[in-house]
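A short worksheet on the structure shown next.
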Amino acid sequence: MDIEGARVLVPGATGAIGSALARTLHGSGALLHLAGRDEAVLRTLGEQLPGVLTSTFDAYDLDGCAALTDRAAERLGGLDAVVTCVGVPAFGPAETVSDAVAEHLMTVNALAPVAFLRAALPHMTSGGVLVALTGVVADAPPAHMADYAAAKSALAAWVEAVRKEQRRRHVTLVDLRLPHVETGFAGRAVAGRPPRLPPGLSVPAAVALVMAALTDAPPAPAAA
Ligand SMILES: NC(=O)c1ccc[n+]([C@@H]2O[C@H](COP(=O)([O-])OP(=O)(O)OC[C@H]3O[C@@H](n4cnc5c(N)ncnc54)[C@H](OP(=O)(O)O)[C@@H]3O)[C@@H](O)[C@H]2O)c1
């Protein structure tokens with residue numbers, strides 16, 4: 001996919017990876033709709049990145065996530081890519097994690113990203129790309145992260161099934177299983193304390209992986 005002129009929605013653009021990605025995409029000439037929960041951060045991004053559109057959302061409002069996607073497509077005149085950067089962890093042995101926390105993790109890490117991606121499908125045309133940031137936890141769920149890993153695995157499974165559905169439309173779905181990235185993410189856990197983590201990827205390195213996922217996606221096939 002060619003980034004220059006691409007119309008891209010970034011839910012979770014107020015986070016460490018989302019905001020760094022937004023800056024890189026903007027610098028590469030993408031047309032952006034940035035969505036986040038934190039109004040102040042969104043406002044700052046809007047001031048620093050001329051021309052970007054912004055909207056707030058809360059992951060618990062799944063209808064709102066879908067409506068925001070439709071609005072983004074309308075305001076941008078279509079959608080070429082969506083990159084979901086929404087997420088929150090929790091830590092601790094499974095018996096110490098409440099069902100309310102489990103519901104929160106499933107909503108923020110799986111249901112909300114799915115709501116954005118599902119709503120984007122009718123707007124995508126040949127050559128479009130949908131990227132979900134999942135994590136290596138989907139491959140190898142670690143102890144004390146059962147609910148976070150289960151939510152990321154649910155998102156990964158959804159992406160894999162829809163990837164097969166969309167192949168004939170030449171819409172690419174990418175499940176980007178990032179390793180630990182040095183963003184302070186673990187410190188924003190809704191419950192529990194993180195284990196000691198090995199040094200992770202830098203934010204620019206994580207953004208480079210997202211950019212590669214977008215640019216490596218095959219372009220629309222030439223018309224016959
Ligand atoms: N950092 C890592 O080690 C790592 C590894 C693998 C995968 N990932 C994934 O990469 C993505 C970005 O992570 P990050 O490290 O950049 O973390 P981050 O800085 O904490 O960003 C998380 C984003 O999710 C948003 N969010 C959380 N709860 C929300 C809610 N209820 N409603 C709306 N938005 C909500 C945050 O909004 P606010 O700004 O308003 O809080 C923020 O924009 C996440 O999907 C994460 O799971 C991260």
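With a cut-off of 14 Å between beta carbons, the residues surrounding V97 carry a summed charge of -3, where Lys and Arg count +1 and Asp and Glu -1.
May I ask you to give the solvent-accessible area per residue for region 7-214, in square angstrom, as obtained with a 1.4 angstrom probe? Please report the intermediate quantities before stating the final value.
Numbers: 9240 Å² over 208 residues.
Per residue, region 7-214 has 44 Å² of solvent-accessible surface.
Solvent exposure of T24, expressed as accessible area, is near 50 Å², computed with a probe of 1.4 Å over the protein chains only. For S19, the accessible area of its heavy atoms, probed at 1.4 Å with every protein chain present, is near 20 square angstrom. Per-residue accessible area (protein heavy atoms, 1.4 Å probe) orders T172, T44 as T44, T172, starting from the largest. Taking every protein chain into account, the 1.4 Å probe leaves Y60 with about 110 Å² of accessible area, to the nearest ten.
Using the Cα centre as the reference, give the magnitude of the dipole from point charges on the C-beta atoms of region 1-92 (Lys, Arg: +1; Asp, Glu: -1; all else neutral), rounded to the nearest 20 debye. Let's see the in-between values first.
Numbers: 6 positive and 11 negative charges, 36 e Å.
Taking the Cα centre of region 1-92 as origin, the dipole is about 180 debye.
Ordered from largest to smallest accessible area (heavy atoms of protein chains, 1.4 Å probe), the residues R37, R163 come out as R37, R163.
Normalising the average separation of contacting C-alpha pairs (under 8 angstrom, six or more residues apart) by the number of residues puts the relative contact order of the chain at 22 percent.
The alpha carbon gyration tensor of the chain gives principal lengths a ≥ b ≥ c with a/c of 1.5 or higher and a/b greater than b/c, which makes the shape prolate. What helices does the chain have that are whole DSSP H segments, at least 18 Å long along their own axis by Cα, and with mean Kyte-Doolittle hydropathy of 0.5 or more? Flagged H segments are 203-216.
A 1.4 Å probe over all protein chains sorts E4, E182 by accessible area into E4, E182, starting with the largest.
The values are calculated or read from the model by the stated rules, or taken from the named source; none is laboratory data. None of these values were measured; they are calculated from a predicted model. Cβ: placed from backbone, ideal geometry, glycine included. Neighbour counts: every protein chain shown. Accessible surface areas use protein heavy atoms only, side chains included; no ligands, DNA or RNA. Shrake-Rupley method; radii C 1.70, N 1.55, O 1.52, S 1.80 Å.
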